[in-house]
Every structure is written in C-alpha cells, then in structure tokens.
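Input: a single structure, listed below in structure tokens.
The values are calculated or read from the model by the stated rules, or taken from the named source; none is laboratory data. Being a predicted model, the structure only gives us computed values, none of them experimental. In this analysis, Cβ positions are derived from the backbone assuming ideal geometry, glycine residues included, and neighbour counts consider all displayed protein chains.
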Amino acid sequence: MPKRLPALLSTLVAGLALSSGSAAAAPAVIGGTAADQPYPYVVSLHTSSGELFCAGSLIAPSWVVTAAHCLSPEKPATISLRVGTNDAGQGGETPKAAEFVLSPHFDAANQTGDLGLIRLAEPVRATPVAIGGTAAPGSDVRLLGWGQTCATPDCGPLATSLQQLDTKLVDGAKCTSAFDGTSELCTDSPGGKAGSCYGDSGGPELVRDGDRWVLAGLVSRPGNGSPTCATAPSIATSVVAYQPWIAEKTGS
C-alpha cells in the first residue's frame, strides 16, 4: 500500500505503499520478523530526498521489477534506489534509474496489471532473483518489505531493517476487491493480523524452489479495500504470469 492511503483508495494509484513523500508508497510487513538471511536482490525505492516509499526485486543486472503504481506518478530522475543490503538506509549499491516501463495492462482505476520495470543506468553486481514457474493457491510464500509494522495509516515509521513474513496463497474468492485470477495472487493474512502494509508495495513475494527462493509475485494492494492493513488477504501481482512480457522487454 502507498503511504498516501486516501489517494490510493480514491485513485487506486498506490496499492500497498506507504510514504509521506511525493511518490506513492507501500506498507511494511505487519506481524513479521527481521529478515533471517541476506536477500541481495531486494531493492528499496526512495524519493530524491531519500525517503523510502516502495520496494522491488532485481531480476537482471540492469532491471528491477516493482508495482506500476509506485512508478506511474514519478520520473526516473526523481527516485533513488538501493540494492544488495537488508538495510534500506545504508550499504549495498545505489544505481540510478534510466527508464520506467509500465505493463500495458496497468489500469489505475482498479489497480489491475500493477507491474512495472525499472531499467538501471548501469548494471549492478548484486545477484538477481529468478522468476518462478508456478504460483497456485496452497503454495507457501514469503513476503519481504520495509513497510509499516503497525496497521493504520501513518501510525508509525517505515522499517529500516528488512522484515519477512511466511504465509500462503489462498483462493482468489477471499480477495473481495477487484481481483484478476489470471494475473494476480491472493495472499493470506495469518490470523487476520499479519501481512503487507504501507511502504511494502512492489516488494517480493517469494516461493521456495529446492534450496533457493524464486520470485512469484509483488505486493500490490489490500484484498478488501480497507485502509487498515492485514485485516484480510492481500493482492499481489503475479510475476510468473507476466514473465513472457518481462522477457520481451528486458531481452532476457
């Protein structure tokens, strides 16, 4: 979810982002724990003044995938990025954005097709994450993000240290907002009190493939339209469904 929730719910431009800056932001992980391992491919997105507003995933040395609503109000020159560190405030690499490529299916009115790419001005050294091959109800997933760790708009700061939450995909009928079962994932809120929140938009939803994590989706928006985070399953855009389009645009 974006931090500017009223704008998100009225224009559906900000999904699960949270930020007080000019960019749409996403929520942090509610009910999660501090990341228990390095995730070198997780990217934090910041305003030009350094305020975190969304997240993304490095999928190739020169390409980051994130939520389209994180990018649509911005220009490449107005954001900064950090990759290769679990700390959104220090370490890693700080590449510049050269270009935004939004999914042709992105519809700000209902937030479907919520996926975009950032082409970096120069390749980075961090290890990208592979895109998975399947993502179906019942699959175990892990959410990552630096979003709010409290559930209501502006109730607290975004996290500095990366957070993780283990949950699972559930049937799309449990996401009562506009939901596209062909290209979106409905993600459970354990106990009705855990999930993504403001500042987490665009962040990765991972599945396990043997001894590694692969990318299944990215955080998009609440599944019930509520301004209070984690009260119901949330909606993620399926990166798996968009893999052919991503390969075409990135040349990989």
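Which one of the conditions (1) out of contact with any Phe, Trp or Tyr (no Cβ under 7 Å at 6 or more places or on another chain); (2) buried (at least 20 other Cβ atoms within 10 Å of the Cβ); (3) not in a strand (DSSP E or B) does ASP114 fail to meet, given that it meets all the rest?
Going through (1) out of contact with any Phe, Trp or Tyr (no Cβ under 7 Å at 6 or more places or on another chain); (2) buried (at least 20 other Cβ atoms within 10 Å of the Cβ); (3) not in a strand (DSSP E or B) one by one, ASP114 breaks only (1).
Can you spot a residue in segment 217-231 that is modelled with pLDDT of 95 or more, over 23 Å from GLY92 (Cβ atoms) and either among the aromatic types (Phe, Trp, Tyr) or not in a strand (DSSP E or B) (or both)?
No - not one qualifying residue is present in segment 217-231.
Inspect all residues belonging to segment 75-83 and state whether any of them is assigned to a loop (DSSP other than H, G, I, E, B) and either farther than 18 Å from GLY50 by Cα or in contact with a Ser or Thr (Cβ under 9 Å, 6 or more places away or on another chain) (or both).
No, segment 75-83 has no match at all.
So which residues in segment 128-159 are part of a loop (DSSP other than H, G, I, E, B) and either within 15 Å of VAL65 (Cβ to Cβ) or of a type in the set (A, V, I, L, M) (or both), if there are any at all?
PRO128, VAL129, ALA130, GLY132, ALA135, ALA136, ALA151, ALA159
Quick one: ALA24 ticks every box in (1) part of a strand (DSSP E or B); (2) hydrophobic (A, V, I, L, M, F, W, C); (3) modelled with pLDDT under 50 except a single one, so which number is it?
(1)
Is it fair to say GLU205 is at pLDDT 95 or above and over 19 Å from ALA135 (Cβ atoms)?
In short, no.
Find the residue count for segment 135-172, including only residues that are surrounded by fewer than 20 Cβ atoms within 10 Å (Cβ to Cβ), at pLDDT 95 or above and more than 20 Å from ASP209 (Cα to Cα).
2
Determine, yes or no, whether GLY181 is free of Cβ contacts under 8 Å to residues at least 60 places away in the same chain, farther than 25 Å from ASN86 by Cβ and touching an Asp or Glu at 6+ places or on another chain (Cβ under 8 Å).
no
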